[in-house]
1. Quick check: is even one residue across region 226-236 under 14 Å from the mean Cα position of the chain (by Cα), at pLDDT 95 or above, buried (at least 22 other Cβ atoms within 10 Å of the Cβ) and in a helix (DSSP H, G or I)?
2. Test of understanding: among G91, G175, which residue is within 23 Å of A43 (Cβ to Cβ) and within 8 Å of the ligand (Cβ to nearest atom)?
3. For L192, are the conditions met, namely being in contact with a helix residue (DSSP H, G or I) (Cβ under 6 Å, 6 or more places away or on another chain), at pLDDT 95 or above and hydrophobic (A, V, I, L, M, F, W, C)?
4. So which residues in region 187-223 are basic (K, R) and in contact (Cβ under 8 Å) with a residue 12 or more places away in the chain?
5. If I filter region 74-81 for residues that are within 19 Å of P141 (Cα to Cα) and not hydroxyl-bearing (S, T, Y), do I get at least one hit?
6. Looking at (1) closer than 24 Å to I151 by Cα; (2) within 12 Å of the ligand (Cβ to nearest atom), find the lone condition where D70 falls short.
7. If you go through region 114-128, how many residues are touching a residue at least 12 places away in the same chain (Cβ under 8 Å), on the phi > 0 side of the Ramachandran plot and away from the ligand (no atom under 11 Å from the Cβ)?
8. Could you tell me whether G53 is loosely packed, with under 14 Cβ neighbours inside 10 Å and either aromatic (F, W, Y) or at pLDDT 65 or above (or both)?
Amino acid sequence: LSVDTVKRLTLEAVRRRILRRQHPVSDPLLADTGASIARMPDAEALFKGLYRGEIRLGRIGWEWGDMYNDAALMFLCCLAGRAQGPIIEFGTHRGRTTYNLALNSNVEVITIDADLEDKEANIAGHEYGLREVGSVFLHDPDAASSRIRMIRMDSRVVDLTSLRGSASLVLVDGGHSYEVCSSDSRMALQLLHPGGLAAWDDYGGYWPGAKRAIDELAHQVELVYLEREGLVVYVAPQVR
Ligand SMILES: C[S@@+](CC[C@H](N)C(=O)[O-])C[C@H]1O[C@@H](n2cnc3c(N)ncnc32)[C@H](O)[C@@H]1O
């Protein structure tokens with residue numbers, strides 16, 4: 001290899017490294033919700049006193065594809081501490097969120113991932129690249145990891161019938177195409193028990209298909225956008 005080629009390859013490697021670490025949504029307040037999704041400043045507006053509790057965080061090193069907004073992670077961990085029924089996550093990726101949900105709860109955390117690329121679904125064609133699905137909790141087992149059940153299947157075909165009406169918390173963060181996000185969102189609503197909460201990450205222009213699916217859902221059920229957490233949420237009505 002010539003010196004020039006080595007220089008070029010090194011620069012390219014550095015450029016790719018920087019790209020991998022960048023995230024397109026730097027300010028969640030910027031997400032444009034349109035008329036059908038109400039906005040609230042943060043989750044305390046919905047759940048009084050939620051943030052007075054304590055949570056634990058672990059293994060929080062960040063890579064592209066992991067949940068970007070730590071306020072979202074903290075909110076979900078606070079809710080996980082209150083969960084009575086299973087927590088279900090569409091989209092495991094490395095399992096950073098999965099692990100922390102398990103760390104803060106005593107219930108089963110079910111996470112679904114088919115190890116699929118989603119580069120067509122974002123406007124930059126960004127790939128997840130080399131990663132091992134579930135690596136955060138698979139190799140260093142502890143009490144939290146033992147509460148996690150990973151299902152390695154396409155969420156569009158996985159059978160979750162036995163979990164209907166049982167989940168306290170569902171995170172929709174799997175495939176971000178319109179088709180997959182619509183299918184996961186429909187399933188999420190069926191999984192919740194009364195008072196349970198579904199949350200959608202990555203609502204915004206960077207993932208247009210997911211945004212369209214969530215906007216459509218907002219015409220059927222009441223969705224709220226939490227500005228600080230950068231999450232869209234739905235709370236299943238309590239049965240009277
Ligand atoms: C944004 S990542 C999940 C991030 C993770 N929830 C977190 O908080 O760190 C999306 C994941 O969804 C998975 N995925 C994409 N399409 C899928 C499908 N149809 N079924 C199951 N998993 C899918 C991808 O393999 C990827 O790991």
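The values are calculated or read from the model by the stated rules, or taken from the named source; none is laboratory data. Because the structure is predicted, anything quoted here is derived from the model rather than measured. Ideal geometry is used to build each Cβ from the backbone, glycine not excepted, and the neighbour counts take in all protein chains shown.
1. No - not one qualifying residue is present in region 226-236.
2. Being within 23 Å of A43 (Cβ to Cβ) and within 8 Å of the ligand (Cβ to nearest atom) holds for just one of G91, G175, which is G91.
3. For L192, the condition - in contact with a helix residue (DSSP H, G or I) (Cβ under 6 Å, 6 or more places away or on another chain), at pLDDT 95 or above and hydrophobic (A, V, I, L, M, F, W, C) - is not met.
4. Within region 187-223, R212 is the sole residue that qualifies.
5. Within region 74-81, not a single residue is within 19 Å of P141 (Cα to Cα) and not hydroxyl-bearing (S, T, Y).
6. (1)
7. As a first pass, look at region 114-128 and keep what is touching a residue at least 12 places away in the same chain (Cβ under 8 Å): 114-116, 118, 120-124, 126, 128.
From the residues that got through so far, the ones that are on the phi > 0 side of the Ramachandran plot too are 115.
If we keep only those that are away from the ligand (no atom under 11 Å from the Cβ) as well, we get none.
So the count comes out to 0.
8. Values: loosely packed, with under 14 Cβ neighbours inside 10 Å: yes; either aromatic (F, W, Y) or at pLDDT 65 or above (or both): yes.
When the stated conditions are applied, G53 passes them.
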